[in-house]
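Written below as C-alpha coordinates is the structure these notes are about.
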Amino acid sequence: MSCAKGASCAGALGAFFGLCSQALAADATRLQVNLEVGAEVDTNALRAPAAEPPVTSPLWRITTGLQVAMRPAARQLIVLSDTLGGKIFFARDAQGENVLVDDAHAAWSYTATPTLSAELGLDYYDAFQQGSVEDPRRDFRLGGMGPRLVLAGESDEIVTAFAGYRAFQYKIDPQQDYWGPYFGAALRKRWLTGPVEDEREWQLDASYLVNPRTFNGEGFRNPDQRSGLTRNDLFHFGELRGTYTGAFLLGLGYGVQWNDSSSYGFGLLRHIVTLRFASPLWGRLRLASRATLQVLQLADPVPLDPRLFGGDTFENENRSSVEVALEHPLGDSFRIIARYSYFASALGTAAGADFSRHLVFFGAAYRFDR
(Lines give C-alpha, C1' and ligand atoms only; values in the text may rest on other atoms or scores of the structure.)
Protein backbone atom coordinates (compact mmCIF):
# COMPACT_ATOMS: atom_id res chain seq x y z
CA MET A 1 0.00 0.00 0.00
CA SER A 2 1.94 2.91 -1.28
CA CYS A 3 -0.72 5.56 -0.84
CA ALA A 4 -0.01 6.61 -4.40
CA LYS A 5 -3.40 5.14 -5.08
CA GLY A 6 -4.77 8.05 -3.14
CA ALA A 7 -5.47 9.07 0.37
CA SER A 8 -8.12 6.37 0.66
CA CYS A 9 -5.34 3.92 1.54
CA ALA A 10 -5.06 5.60 4.93
CA GLY A 11 -8.71 4.93 5.58
CA ALA A 12 -8.31 1.32 4.48
CA LEU A 13 -5.39 0.80 6.85
CA GLY A 14 -7.38 2.39 9.65
CA ALA A 15 -10.23 -0.03 9.00
CA PHE A 16 -7.79 -2.96 9.00
CA PHE A 17 -6.32 -1.83 12.31
CA GLY A 18 -9.86 -1.67 13.69
CA LEU A 19 -10.62 -5.22 12.62
CA CYS A 20 -7.35 -6.50 14.06
CA SER A 21 -7.96 -4.69 17.33
CA GLN A 22 -11.30 -6.45 17.74
CA ALA A 23 -9.88 -9.81 16.72
CA LEU A 24 -6.98 -9.51 19.15
CA ALA A 25 -9.07 -8.55 22.14
CA ALA A 26 -8.91 -12.10 23.46
CA ASP A 27 -5.95 -13.46 21.49
CA ALA A 28 -2.46 -11.94 21.36
CA THR A 29 -1.70 -12.91 17.74
CA ARG A 30 -3.68 -13.19 14.52
CA LEU A 31 -2.33 -15.03 11.46
CA GLN A 32 -3.77 -15.12 7.95
CA VAL A 33 -2.39 -16.98 4.93
CA ASN A 34 -3.84 -16.60 1.43
CA LEU A 35 -3.09 -18.51 -1.77
CA GLU A 36 -4.62 -18.07 -5.22
CA VAL A 37 -3.47 -20.04 -8.27
CA GLY A 38 -4.94 -20.55 -11.69
CA ALA A 39 -4.75 -20.33 -15.48
CA GLU A 40 -5.43 -17.16 -17.44
CA VAL A 41 -5.63 -16.03 -21.06
CA ASP A 42 -4.38 -12.53 -21.96
CA THR A 43 -5.44 -11.28 -25.42
CA ASN A 44 -2.94 -8.39 -25.41
CA ALA A 45 -0.01 -9.51 -23.32
CA LEU A 46 2.32 -6.75 -24.57
CA ARG A 47 -0.32 -4.01 -24.09
CA ALA A 48 -0.01 -2.98 -27.74
CA PRO A 49 -2.27 -0.24 -29.17
CA ALA A 50 -5.07 -1.33 -31.48
CA ALA A 51 -3.04 -0.31 -34.55
CA GLU A 52 -0.50 -3.07 -33.81
CA PRO A 53 -1.17 -6.84 -33.90
CA PRO A 54 -1.70 -8.09 -30.32
CA VAL A 55 0.04 -11.11 -28.79
CA THR A 56 -2.39 -13.54 -27.15
CA SER A 57 -1.01 -15.95 -24.59
CA PRO A 58 -2.14 -18.37 -21.88
CA LEU A 59 -0.31 -18.06 -18.57
CA TRP A 60 -0.08 -19.30 -15.01
CA ARG A 61 -0.88 -16.80 -12.27
CA ILE A 62 -0.10 -17.33 -8.58
CA THR A 63 -0.50 -15.03 -5.57
CA THR A 64 0.46 -15.81 -1.98
CA GLY A 65 -0.07 -13.59 1.03
CA LEU A 66 0.82 -13.57 4.72
CA GLN A 67 -0.55 -11.22 7.40
CA VAL A 68 0.41 -11.22 11.07
CA ALA A 69 -1.07 -8.96 13.75
CA MET A 70 0.27 -8.97 17.30
CA ARG A 71 0.12 -6.97 20.52
CA PRO A 72 3.63 -6.41 21.95
CA ALA A 73 2.21 -4.39 24.87
CA ALA A 74 -0.97 -2.82 26.12
CA ARG A 75 -2.51 -0.34 23.65
CA GLN A 76 -0.03 -1.32 20.93
CA LEU A 77 -0.62 -3.24 17.73
CA ILE A 78 1.87 -4.38 15.08
CA VAL A 79 0.66 -5.54 11.66
CA LEU A 80 3.03 -7.17 9.15
CA SER A 81 1.99 -8.29 5.69
CA ASP A 82 3.69 -9.54 2.55
CA THR A 83 2.22 -10.59 -0.80
CA LEU A 84 4.17 -12.38 -3.52
CA GLY A 85 2.69 -12.78 -6.97
CA GLY A 86 3.90 -14.01 -10.31
CA LYS A 87 2.89 -14.65 -13.91
CA ILE A 88 4.47 -17.10 -16.36
CA PHE A 89 3.46 -16.75 -20.02
CA PHE A 90 3.45 -19.71 -22.40
CA ALA A 91 3.57 -17.91 -25.78
CA ARG A 92 7.16 -17.31 -26.89
CA ASP A 93 6.54 -13.69 -27.89
CA ALA A 94 4.97 -12.94 -24.50
CA GLN A 95 7.65 -14.36 -22.22
CA GLY A 96 9.15 -10.91 -21.70
CA GLU A 97 6.03 -10.28 -19.57
CA ASN A 98 7.03 -12.94 -17.01
CA VAL A 99 7.08 -11.12 -13.70
CA LEU A 100 7.51 -11.56 -9.95
CA VAL A 101 6.06 -8.96 -7.57
CA ASP A 102 6.65 -8.37 -3.85
CA ASP A 103 4.30 -6.08 -1.90
CA ALA A 104 5.27 -5.65 1.78
CA HIS A 105 3.90 -3.49 4.60
CA ALA A 106 4.67 -2.96 8.27
CA ALA A 107 2.67 -0.79 10.66
CA TRP A 108 2.69 -0.01 14.36
CA SER A 109 -0.13 1.73 16.19
CA TYR A 110 -0.55 3.09 19.68
CA THR A 111 -4.01 3.79 21.12
CA ALA A 112 -3.63 6.85 23.33
CA THR A 113 -7.33 7.16 24.17
CA PRO A 114 -10.48 5.34 23.03
CA THR A 115 -10.83 7.93 20.25
CA LEU A 116 -7.21 8.78 19.37
CA SER A 117 -4.43 6.60 17.99
CA ALA A 118 -1.07 7.19 16.34
CA GLU A 119 0.36 4.94 13.63
CA LEU A 120 3.64 4.54 11.80
CA GLY A 121 3.67 2.71 8.47
CA LEU A 122 6.38 1.39 6.16
CA ASP A 123 5.57 0.23 2.61
CA TYR A 124 7.70 -1.44 -0.08
CA TYR A 125 6.71 -2.60 -3.56
CA ASP A 126 9.05 -4.25 -6.07
CA ALA A 127 8.40 -5.80 -9.49
CA PHE A 128 10.91 -7.94 -11.42
CA GLN A 129 10.05 -8.31 -15.11
CA GLN A 130 11.97 -10.60 -17.48
CA GLY A 131 11.69 -8.26 -20.50
CA SER A 132 12.99 -8.79 -24.03
CA VAL A 133 14.22 -6.83 -27.05
CA GLU A 134 10.68 -6.70 -28.46
CA ASP A 135 9.09 -6.19 -25.03
CA PRO A 136 11.20 -3.78 -22.91
CA ARG A 137 10.90 -3.93 -19.15
CA ARG A 138 8.61 -1.49 -17.34
CA ASP A 139 9.17 -2.80 -13.81
CA PHE A 140 9.84 -0.52 -10.87
CA ARG A 141 10.20 -0.31 -7.10
CA LEU A 142 8.41 2.04 -4.74
CA GLY A 143 8.91 2.64 -1.05
CA GLY A 144 7.62 5.01 1.57
CA MET A 145 7.08 5.55 5.25
CA GLY A 146 5.34 8.01 7.51
CA PRO A 147 3.08 8.64 10.50
CA ARG A 148 -0.72 8.75 10.68
CA LEU A 149 -2.99 10.25 13.31
CA VAL A 150 -6.45 8.67 13.60
CA LEU A 151 -9.34 10.33 15.44
CA ALA A 152 -12.60 8.43 15.96
CA GLY A 153 -15.78 10.39 16.62
CA GLU A 154 -18.75 9.45 18.77
CA SER A 155 -21.09 9.15 15.76
CA ASP A 156 -19.13 6.47 13.87
CA GLU A 157 -16.77 8.71 11.94
CA ILE A 158 -13.00 8.45 11.55
CA VAL A 159 -10.66 11.27 10.55
CA THR A 160 -7.11 10.40 9.49
CA ALA A 161 -4.22 12.79 8.87
CA PHE A 162 -1.04 11.36 7.36
CA ALA A 163 2.32 12.40 5.97
CA GLY A 164 5.55 10.76 4.93
CA TYR A 165 8.23 10.38 2.31
CA ARG A 166 8.21 8.27 -0.84
CA ALA A 167 10.82 7.25 -3.42
CA PHE A 168 10.25 5.64 -6.83
CA GLN A 169 12.72 3.86 -9.13
CA TYR A 170 11.85 3.09 -12.76
CA LYS A 171 14.37 0.39 -13.54
CA ILE A 172 14.66 0.88 -17.30
CA ASP A 173 14.97 4.70 -17.24
CA PRO A 174 16.67 6.39 -14.25
CA GLN A 175 15.45 9.80 -15.43
CA GLN A 176 11.93 8.77 -14.36
CA ASP A 177 13.05 8.11 -10.77
CA TYR A 178 11.55 10.51 -8.24
CA TRP A 179 11.36 11.22 -4.51
CA GLY A 180 9.52 13.60 -2.22
CA PRO A 181 7.19 14.03 0.77
CA TYR A 182 3.44 13.44 0.77
CA PHE A 183 0.65 14.90 2.92
CA GLY A 184 -3.02 14.09 3.13
CA ALA A 185 -6.19 13.49 5.06
CA ALA A 186 -9.15 11.11 4.91
CA LEU A 187 -12.63 11.06 6.39
CA ARG A 188 -14.93 8.06 6.83
CA LYS A 189 -18.52 8.37 8.05
CA ARG A 190 -20.84 5.39 8.60
CA TRP A 191 -24.60 5.18 9.20
CA LEU A 192 -26.68 2.14 10.18
CA THR A 193 -30.38 1.99 9.28
CA GLY A 194 -33.17 -0.51 9.69
CA PRO A 195 -33.93 -3.04 12.44
CA VAL A 196 -31.14 -5.16 13.88
CA GLU A 197 -32.33 -8.27 12.03
CA ASP A 198 -32.26 -6.38 8.70
CA GLU A 199 -29.60 -3.74 9.22
CA ARG A 200 -28.20 -1.71 6.31
CA GLU A 201 -24.92 0.18 6.28
CA TRP A 202 -24.16 3.42 4.46
CA GLN A 203 -20.59 4.69 4.27
CA LEU A 204 -19.04 7.86 2.88
CA ASP A 205 -15.29 8.19 2.30
CA ALA A 206 -13.47 11.38 1.29
CA SER A 207 -9.71 11.73 0.89
CA TYR A 208 -7.01 13.98 -0.51
CA LEU A 209 -3.26 13.57 -1.02
CA VAL A 210 -0.55 15.89 -2.37
CA ASN A 211 2.93 14.65 -3.32
CA PRO A 212 5.70 17.05 -4.50
CA ARG A 213 8.11 15.02 -6.65
CA THR A 214 11.70 15.79 -7.63
CA PHE A 215 12.92 13.75 -10.61
CA ASN A 216 16.33 12.37 -11.45
CA GLY A 217 16.36 14.05 -14.85
CA GLU A 218 15.76 17.18 -16.85
CA GLY A 219 12.41 18.39 -18.06
CA PHE A 220 11.46 19.32 -21.63
CA ARG A 221 10.71 22.69 -23.28
CA ASN A 222 9.04 20.89 -26.21
CA PRO A 223 8.97 17.32 -27.56
CA ASP A 224 12.48 17.65 -29.03
CA GLN A 225 14.35 19.91 -26.59
CA ARG A 226 15.44 19.47 -23.01
CA SER A 227 14.98 22.39 -20.63
CA GLY A 228 18.28 22.01 -18.79
CA LEU A 229 16.35 22.20 -15.49
CA THR A 230 15.46 19.41 -13.07
CA ARG A 231 11.90 18.21 -13.55
CA ASN A 232 9.56 18.83 -10.62
CA ASP A 233 5.94 17.66 -10.39
CA LEU A 234 3.17 18.39 -7.92
CA PHE A 235 0.83 15.38 -7.87
CA HIS A 236 -2.67 15.68 -6.36
CA PHE A 237 -5.23 12.94 -5.80
CA GLY A 238 -8.71 13.39 -4.37
CA GLU A 239 -11.53 10.89 -4.05
CA LEU A 240 -15.13 10.71 -2.85
CA ARG A 241 -16.82 7.31 -2.41
CA GLY A 242 -20.22 6.18 -1.22
CA THR A 243 -21.06 2.56 -0.34
CA TYR A 244 -24.31 0.81 0.55
CA THR A 245 -24.19 -2.64 2.17
CA GLY A 246 -27.36 -4.67 2.76
CA ALA A 247 -28.64 -7.66 0.84
CA PHE A 248 -26.05 -6.57 -1.76
CA LEU A 249 -23.17 -4.09 -1.96
CA LEU A 250 -23.31 -1.05 -4.20
CA GLY A 251 -20.58 1.56 -4.39
CA LEU A 252 -19.99 4.68 -6.45
CA GLY A 253 -16.80 6.72 -6.45
CA TYR A 254 -15.29 9.73 -8.18
CA GLY A 255 -11.57 10.47 -8.12
CA VAL A 256 -9.39 13.07 -9.76
CA GLN A 257 -5.63 13.01 -10.39
CA TRP A 258 -3.86 16.23 -11.30
CA ASN A 259 -0.18 16.20 -12.14
CA ASP A 260 1.21 19.74 -12.40
CA SER A 261 4.63 19.33 -14.02
CA SER A 262 7.44 21.80 -14.72
CA SER A 263 8.17 19.79 -17.89
CA TYR A 264 6.41 19.72 -21.23
CA GLY A 265 4.60 16.44 -21.90
CA PHE A 266 3.98 15.27 -18.32
CA GLY A 267 1.10 17.40 -17.06
CA LEU A 268 -2.37 15.84 -16.97
CA LEU A 269 -5.79 15.80 -15.38
CA ARG A 270 -7.46 12.39 -15.00
CA HIS A 271 -11.07 11.85 -13.91
CA ILE A 272 -11.95 8.38 -12.55
CA VAL A 273 -15.52 7.17 -12.01
CA THR A 274 -15.92 3.75 -10.36
CA LEU A 275 -19.05 1.64 -9.88
CA ARG A 276 -18.96 -1.51 -7.71
CA PHE A 277 -21.58 -4.20 -7.20
CA ALA A 278 -21.44 -7.46 -5.23
CA SER A 279 -24.15 -9.90 -4.25
CA PRO A 280 -24.72 -13.51 -3.22
CA LEU A 281 -26.40 -15.60 -5.91
CA TRP A 282 -28.01 -19.01 -5.91
CA GLY A 283 -26.21 -22.14 -4.71
CA ARG A 284 -23.69 -20.24 -2.51
CA LEU A 285 -22.31 -18.53 -5.61
CA ARG A 286 -21.01 -14.98 -5.07
CA LEU A 287 -20.72 -12.19 -7.63
CA ALA A 288 -18.36 -9.21 -7.48
CA SER A 289 -18.05 -6.63 -10.25
CA ARG A 290 -16.46 -3.27 -10.91
CA ALA A 291 -16.59 -0.79 -13.80
CA THR A 292 -14.17 2.12 -14.14
CA LEU A 293 -14.45 5.02 -16.56
CA GLN A 294 -11.40 7.22 -17.02
CA VAL A 295 -11.29 10.58 -18.76
CA LEU A 296 -7.82 11.90 -19.59
CA GLN A 297 -6.96 15.54 -20.28
CA LEU A 298 -3.34 16.27 -21.26
CA ALA A 299 -1.69 19.61 -20.57
CA ASP A 300 0.32 19.36 -23.83
CA PRO A 301 -0.56 17.92 -27.27
CA VAL A 302 2.32 15.41 -27.25
CA PRO A 303 2.58 13.20 -24.11
CA LEU A 304 6.13 12.18 -23.17
CA ASP A 305 5.44 10.14 -20.03
CA PRO A 306 6.46 6.48 -20.61
CA ARG A 307 4.20 5.54 -17.67
CA LEU A 308 1.13 7.46 -18.86
CA PHE A 309 -1.04 4.37 -18.46
CA GLY A 310 0.95 2.75 -15.66
CA GLY A 311 -0.06 2.73 -12.02
CA ASP A 312 1.35 2.21 -8.57
CA THR A 313 1.23 -1.56 -9.04
CA PHE A 314 2.58 -3.56 -11.98
CA GLU A 315 -0.90 -4.89 -12.75
CA ASN A 316 -2.71 -1.57 -12.53
CA GLU A 317 -3.94 -0.10 -15.82
CA ASN A 318 -4.79 3.60 -15.93
CA ARG A 319 -7.51 2.84 -18.47
CA SER A 320 -11.25 2.30 -18.47
CA SER A 321 -12.16 -1.23 -17.44
CA VAL A 322 -14.83 -3.76 -16.48
CA GLU A 323 -14.24 -6.73 -14.15
CA VAL A 324 -16.65 -9.50 -13.20
CA ALA A 325 -15.76 -12.33 -10.78
CA LEU A 326 -17.70 -15.37 -9.60
CA GLU A 327 -16.70 -17.36 -6.51
CA HIS A 328 -18.02 -20.59 -5.05
CA PRO A 329 -16.83 -21.77 -1.61
CA LEU A 330 -15.68 -25.36 -1.11
CA GLY A 331 -15.84 -25.65 2.65
CA ASP A 332 -14.54 -22.98 5.02
CA SER A 333 -11.10 -22.43 3.51
CA PHE A 334 -11.25 -23.20 -0.21
CA ARG A 335 -13.09 -21.57 -3.09
CA ILE A 336 -13.04 -21.67 -6.88
CA ILE A 337 -12.87 -18.44 -8.88
CA ALA A 338 -13.79 -17.40 -12.43
CA ARG A 339 -12.89 -13.85 -13.42
CA TYR A 340 -13.18 -11.76 -16.58
CA SER A 341 -11.56 -8.34 -17.14
CA TYR A 342 -11.67 -5.95 -20.06
CA PHE A 343 -9.50 -2.83 -20.52
CA ALA A 344 -10.11 -0.07 -23.05
CA SER A 345 -8.69 3.36 -23.83
CA ALA A 346 -9.41 6.20 -21.45
CA LEU A 347 -11.62 8.87 -22.97
CA GLY A 348 -9.45 11.65 -24.35
CA THR A 349 -6.65 9.32 -25.46
CA ALA A 350 -4.94 10.54 -28.63
CA ALA A 351 -6.06 9.17 -31.98
CA GLY A 352 -4.10 6.06 -32.96
CA ALA A 353 -3.61 5.03 -29.33
CA ASP A 354 -6.85 3.03 -29.02
CA PHE A 355 -6.44 0.04 -26.74
CA SER A 356 -8.22 -3.24 -26.05
CA ARG A 357 -7.31 -6.12 -23.74
CA HIS A 358 -9.27 -9.12 -22.38
CA LEU A 359 -8.27 -11.33 -19.43
CA VAL A 360 -10.03 -14.59 -18.56
CA PHE A 361 -8.98 -16.36 -15.35
CA PHE A 362 -10.06 -19.61 -13.73
CA GLY A 363 -8.49 -20.91 -10.53
CA ALA A 364 -8.76 -21.79 -6.87
CA ALA A 365 -8.01 -19.99 -3.62
CA TYR A 366 -7.22 -21.05 -0.04
CA ARG A 367 -7.34 -19.04 3.18
CA PHE A 368 -6.05 -19.96 6.62
CA ASP A 369 -7.10 -17.62 9.41
CA ARG A 370 -6.61 -17.93 13.16
Say whether the condition of being among the aromatic types (Phe, Trp, Tyr) and not in a strand (DSSP E or B) is met by at least one residue in region 241-249.
yes
May I ask you to list pairs of residues, at least six apart or on different chains, whose Cβ atoms are under 6 Å apart, with the first in region 136-163 being under 17 Å from TYR182 (Cβ atoms) and in contact (Cβ under 8 Å) with a residue 40 or more places away in the chain and the second being outside any loop (DSSP other than H, G, I, E, B) and of a type in the set (Lys, Arg)?
GLY144/ARG166; THR160/ARG148; PHE162/ARG148
Subset of region 346-365 (residues that are modelled with pLDDT of 95 or more and either under 22 Å from THR64 (Cβ atoms) or of a type in the set (A, V, I, L, M) (or both)):
LEU359, VAL360, PHE361, PHE362, GLY363, ALA364, ALA365
Mind checking which residues of region 42-76 are under 15 Å from ALA107 (Cα atoms) and under 26 Å from the mean Cα position of the chain (by Cα)?
LEU66, GLN67, VAL68, ALA69, MET70
Show the residue pairs that are 6+ apart or on different chains and have beta-carbon atoms under 6 Å apart, the first residue being within region 96-114 and closer than 14 Å to ARG137 by Cα and in contact (Cβ under 8 Å) with a residue 40 or more places away in the chain, the second being outside any loop (DSSP other than H, G, I, E, B) and of a type in the set (D, E, K, R).
VAL99/LYS87
With respect to ASP224, is the statement that it is open to solvent by 80 Å² or more (accessible area, probe 1.4 Å), acidic (Asp, Glu) and more than 30 Å from GLY146 (Cβ to Cβ) true?
yes
With the first residue restricted to region 345-360 and required to be surrounded by 15 or more Cβ atoms within 10 Å (Cβ to Cβ) and of a type in the set (Phe, Trp, Tyr), and the second required to be outside any loop (DSSP other than H, G, I, E, B) and modelled with pLDDT of 90 or more, Cβ contacts under 9 Å at 6 or more apart or on different chains are PHE355/PHE343; PHE355/ALA344
Taking HIS236 and the conditions (1) under 20 Å from LEU268 (Cα atoms); (2) out of contact with any strand residue (DSSP E or B) (no Cβ under 8 Å at 6 or more places or on another chain), which numbered condition does it fall short on, given that it satisfies the others?
(2)
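Identify, please: which residue in region 216-263 is charged (D, E, K, R) and without any contact (Cβ under 8 Å) to a residue 12 or more places away in the chain and is, among those, farthest from SER320 (Cα to Cα)?
Filtering region 216-263 for residues charged (D, E, K, R) gives 218, 221, 224, 226, 231, 233, 239, 241, 260.
Filter again for without any contact (Cβ under 8 Å) to a residue 12 or more places away in the chain, leaving 224, 226.
Working: ASP224: 30, ARG226: 32 Å.
Across region 216-263, the extreme among qualifying residues is ARG226.
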Residue check, ASN318 against (1) under 18 Å from TYR254 (Cβ atoms); (2) modelled with pLDDT under 95; (3) over 15 Å from the mean Cα position of the chain (by Cα), all met but one. Which one?
(3)
Mind listing just one residue for me: the one in region 199-221 that is among the aliphatic types (A, V, I, L, M) and surrounded by 15 or more Cβ atoms within 10 Å (Cβ to Cβ) and, of those, nearest to LEU249 (Cα to Cα)?
ALA206
Residues located in region 250-277, provided they are of a type in the set (A, V, I, L, M), buried (at least 16 other Cβ atoms within 10 Å of the Cβ) and closer than 30 Å to LEU330 by Cα:
none
Please determine, by comparing only the residues of region 77-110 that are over 23 Å from THR63 (Cα atoms) and at pLDDT 95 or above, which one is farthest from the chain's Cα centre (by Cα).
TYR110
How about region 34-48: which of its residues are open to solvent by less than 40 Å² (accessible area, probe 1.4 Å) and either modelled with pLDDT under 95 or assigned to a loop (DSSP other than H, G, I, E, B) (or both)?
ASN44, ALA45, ARG47, ALA48
Assuming ARG190 fulfils every condition listed in (1) part of a helix (DSSP H, G or I); (2) touching an Asp or Glu at 6+ places or on another chain (Cβ under 8 Å) apart from one, which condition is it?
(1)
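The values are calculated or read from the model by the stated rules, or taken from the named source; none is laboratory data. The structure displayed is predicted, hence computed values, not measured ones. Note that we place each Cβ from the backbone using ideal geometry, even for glycine, and neighbour counts take in every protein chain shown. For the accessible areas, the whole protein counts, side chains as well, though only heavy atoms, and no ligand, DNA or RNA atoms are used. Shrake-Rupley method; radii C 1.70, N 1.55, O 1.52, S 1.80 Å.
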